[in-house]
Amino acid sequence: MYEGVNASEGIGIGTVVLAVEPDLSFEPTKVEDTQAERDRYQAALDVFCQKTQAQADRMKVTVGENEAEIMSGHIMLAQDPGMTDAINASIDGGTCAEQALVETSTMFENMFLSMDDEMFRLRAADIADIRTGILAELLGREVVDLSVLPAGSIIVVHDLTPSMTATIDKENVAGIVTEVGGRTSHSAIIARALEIPAVLSVPNACGALHNGMTVIVDGINGHVINDPTDEQLADYRERAESFAAEKRALEAFRGKPTVTADGDKKVLACNIGNPEDAKGAVDHDAEAIGLFRSEFLFMDAKELPSEDEQFEAYRKVAVTLKGAPVIIRTLDVGGDKEIPYMNLQKEDNPFMGYRAVRYCLDNPEEYKVQLRALLRASAFGDIKIMVPLVTCVEELRHVKALVEECKGELATEGYKFNENIEVGIMMETAAAANIADILAEEAAFFSIGTNDLTGYTMASDRGNDRVAYLYSWYYPAVLRAIKKIITEGVKHGIMVGMCGEAAADPLLTPLLLSWGMEEFSVSAPSVLKTRKTISQWSKADADALEAEVMQLKTADEVKAALEKAAR
Ligand code: PEP
Ligand code: MG
């Protein structure tokens, strides 16, 4: 058995198809007729772009618009003047097109790889992908074609690039195994969108797994079982069946209201990262958007998105949700979310530093562009503004004052907007939890960001393996913080929701219900499952479990008690 990263849930049993990279070796030559060589490069680039566009069009239908955009991004990157000019200059110096492409693209790739930011490292992978495509055109060699596969194929490949994925016929692929890539890599994103079980980062998968071999891809636990025994096959067939049955059974909750066992109505919302995700949220039966991470709009751009661009993005989500609530978080830059063109200085302690609302309030003119866009979009649906990383009431007051200022300007300019737009708080710092009573008097709503709240409460960096044992919301310290936020919010009559990952943790659901939380905001695939868990608990049962659990002193005891009670 091999272990890797569980990147896309599900169990696939099938036969290995090794997607071997084409042989792209060549002998560099010295060119005389540099114009002819430039033309040869341009012709290869044109064919590459045409093929990639065709793949993007196909992907739009088979995978989704977001994923197709990754391919369109390849075309832009391949045609980027920075890169083509450098390649042409190299050809003018007598280098052959193949060598000019390899040298220049490798230079760009290394530059991206040397940057700390994950977004840039993804760009490096895109460059490598483009190089393979154009080089194959120059050399007249075929790149891996996954469009004609026997049913039940398990694709084993060094790295599943977006261009390979474009041609995949979903029906024939039972699983994916790669040697590289993490949960946020493009391959992971695409595998999840295709709902194909995937295990990534399995060392030497291409050497260890051979064509025709039977393997099991357990995308739930991140295991790949080679040459399984009859017993293992029977076991995993059963697991696959129960996974599928669980998914089918959840369909019973589609279109149903979200209610507890004793009929208390809750709101099941979705977290999204860009306007296109809103459709996915609605398709997965979400009732609202509980968190739109607006920083992704900024990360995907090359410069600060203009007021009109932002307005269009927010309006699109509001319209897609047809009047249902849409909570849009204002720019949460900094910490682990870098936006290169903002040129923020490196800090020793970025999670405690100049980020989110701190940055925005220090750059009010920039912040007002976003607030104005949000206000203008509020004329098209129920948009609410959420402020990240609040630690004191002064910050909330300051943001609200800026919102009022923007309202005044927009009214003078003749724009329509929701006069009563709600301004709420992302409750994600220990400070905010401690003054939940003070904040509840002036915030329109709370949404608990357990991803950060857990880290800030336990003083444990979520990315640091050595202190990962402390990063858990089962610790009484985190549970008490969550309890205080919810109960203070409820006491003051404001809506309290949760948009951190803990909202989708079924073990935590009864506690959240006992404290009176109203909105659960989860990722799209977790909507129906969370609705089901909520339906299994009455207030009385949840209260009894809460009374028992809140007496416990350690995270292990808490987790064990919650597991014992789980339904
Ligand atoms: C959180 O902190 O819980 C949250 C939802 O925001 P993010 O993960 O974007 O920091
Ligand atoms: Mg956060």
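Under 18 Å Cα to Cα from residue 484, which aspartates and glutamates show up? Leave out anything in the same chain fewer than 8 places away.
428, 437, 441, 442, 452, 518, 519, 543, 546, 548
Taking Cα centroids, how far is segment 290-329 from segment 1-51 in Å?
35
If I compute solvent accessible area with a 1.4 Å probe over the protein chains, what percent of it on segment 254-565 is carbon and sulfur? Walk me through the numbers before you get to the answer.
Numbers: 6630 of 13030 Å².
Here it works out to 51 percent.
Looking at segment 317-390, which GluC sites (Glu not before Pro) are in a loop (DSSP not H, G, I, E or B) and have at most 13 other Cβ atoms within 10 Å? It would help to have the intermediate numbers written out before the result.
Details: sites: 338, 347, 365, 366; in loops: 338, 347.
Answer by residue number: 347.
Would you pull out the residues with amide H under 5 Å of residue 95's amide H, same chain only if 5 or more places away, H placed 1.01 Å from N?
31
Indicate the gyration tensor shape class of segment 34-139 (rounded, prolate or oblate), computed on the Cα atoms with a ≥ b ≥ c the square roots of the eigenvalues: a/c under 1.5 is rounded; otherwise a/b larger than b/c is prolate and the rest oblate.
Values: a/c = 2.69, a/b = 1.32, b/c = 2.03.
It is oblate, given that a/c is not under 1.5 and a/b is not larger than b/c.
Suppose each label sits 7 Å from its Cα in the direction of the beta carbon; what would the residue 312-residue 204 distance come out to in nanometres?
Placing both labels 7 Å beyond Cα along the Cβ direction yields 5.1 nm.
Show the residues, 5+ positions off or on another chain, whose built amide H is closer than 5 Å to the amide H of residue 495.
HN-HN under 5 Å from residue 495: 446.
From the backbone phi of segment 256-272, what are the Karplus-calculated ³J(HN,Hα) couplings (6.51 cos²θ - 1.76 cosθ + 1.60, θ = phi - 60°) in whole Hz, Gly and Pro given as x?
Karplus-based 3J(HN,Hα) across segment 256-272 equals 9, x, 8, 9, 6, 4, 9, x, 7, 7, 10, 10, 9, 10, 10, 9, 10 Hz.
How would segment 308-420 be classified by its alpha-carbon gyration tensor: rounded, prolate or oblate, with rounded meaning a/c under 1.5 and the a/b versus b/c comparison settling the rest?
Working: a/c = 1.97, a/b = 1.67, b/c = 1.18.
It comes out prolate by the Cα gyration axes.
Near residue 247, which lysines are there with a Cα under 19 Å away, not counting those fewer than 8 places off in the same chain?
170, 256, 529, 532
Round to a whole angstrom and tell me the spacing of the C-alpha centers of segment 267-288 and segment 117-131.
28
Suppose a student asked you for the relative contact order of segment 169-269, using Cα pairs under 8 Å spaced at least 6 residues apart; what percent would you report? Walk me through the numbers on the way to the answer.
On the way: 98 pairs, mean separation 18.2, N = 101.
Answer for segment 169-269 is 18 percent.
Summing -39500 (n - 2.57) over the DSSP H runs of n ≥ 4 in the chain and dividing by its residue number, what mean residue ellipticity at 222 nm do you reach, to the nearest 500 deg cm²/dmol?
On the way: 23 runs with 276 residues, N = 567.
Estimated from H runs of four or more residues: -15000 deg cm²/dmol.
What whole-number distance in Å separates the alpha-carbon centres of segment 67-94 and segment 414-458?
44
Given the protein chains as shown and a 1.4 Å probe, how many square angstrom of residue 102 are accessible, to the nearest 10?
About 40 Å², ignoring ligands and nucleic acids.
What aspartates and glutamates could a cross-link reach from residue 407, if we take a straight Cα to Cα line under 15 Å and drop same-chain neighbours fewer than 8 places away?
307, 365, 419, 422
Once you charge only the Cβ atoms, +1 for Lys and Arg and -1 for Asp and Glu, what is the size of the charge dipole of segment 6-67 about its Cα centre, to the nearest 20 debye? Don't skip to the answer; put the middle values down first.
Working: 6 positive and 12 negative charges, 33 e Å.
So the magnitude is around 160 debye.
Hey, can you find the accessible area per residue of the chain for me, probe 1.4 Å, expressed in square angstrom?
Ligands and nucleic acids excluded, the result is 44 Å² per residue.
In whole percent, what relative contact order does the chain give with Cα contacts below 8 Å and a gap of six or more residues?
Working: 1075 pairs, mean separation 74.5, N = 567.
Computed value for the chain: 13 percent relative contact order.
Quick one: if the Förster radius is 22 Å, what FRET efficiency do residue 119 and residue 351 give, using the C-beta to C-beta distance and rounding to 0.05? Display every interim value, and only then the final one.
Values: r = 18 Å, r/R0 = 0.82.
The formula returns an efficiency of 0.75 here.
With 18 Å as the limit, write out which pairs from 266/539; 265/539; 279/316; 302/384; 265/564; 302/337 have Cα-Cα distances beyond it, or answer none.
On the way: 266/539 12 Å; 265/539 12 Å; 279/316 10 Å; 302/384 27 Å; 265/564 26 Å; 302/337 15 Å.
In this structure, 302/384; 265/564 exceed 18 Å between Cα atoms.
Could you check how much of the accessible area of segment 34-139 is carbon and sulfur, as a whole percent, using a 1.4 Å probe? Walk me through the numbers on the way to the answer.
On the way: 2490 of 4680 Å².
Here it works out to 53 percent.
Which of rounded, prolate or oblate describes the chain when judged by the alpha-carbon gyration tensor and an a/c cut-off of 1.5? Write out the running numbers ahead of the final one.
On the way: a/c = 2.07, a/b = 1.34, b/c = 1.55.
Oblate.
When only Cα pairs under 8 Å and 6 or more residues apart are kept, what is the percent relative contact order across segment 17-159?
Working: 139 pairs, mean separation 55.0, N = 143.
Taking the mean separation of contacting Cα pairs over the length of segment 17-159, I get 38 percent.
The values are calculated or read from the model by the stated rules, or taken from the named source; none is laboratory data. None of these values were measured; they are calculated from a predicted model. Because the Cβ atoms are built from the backbone with ideal geometry, glycine has one as well, and the counts that use them run over all protein chains shown. For accessibility, only protein heavy atoms count, side chains too; no ligands or nucleic acids. Shrake-Rupley method; radii C 1.70, N 1.55, O 1.52, S 1.80 Å.
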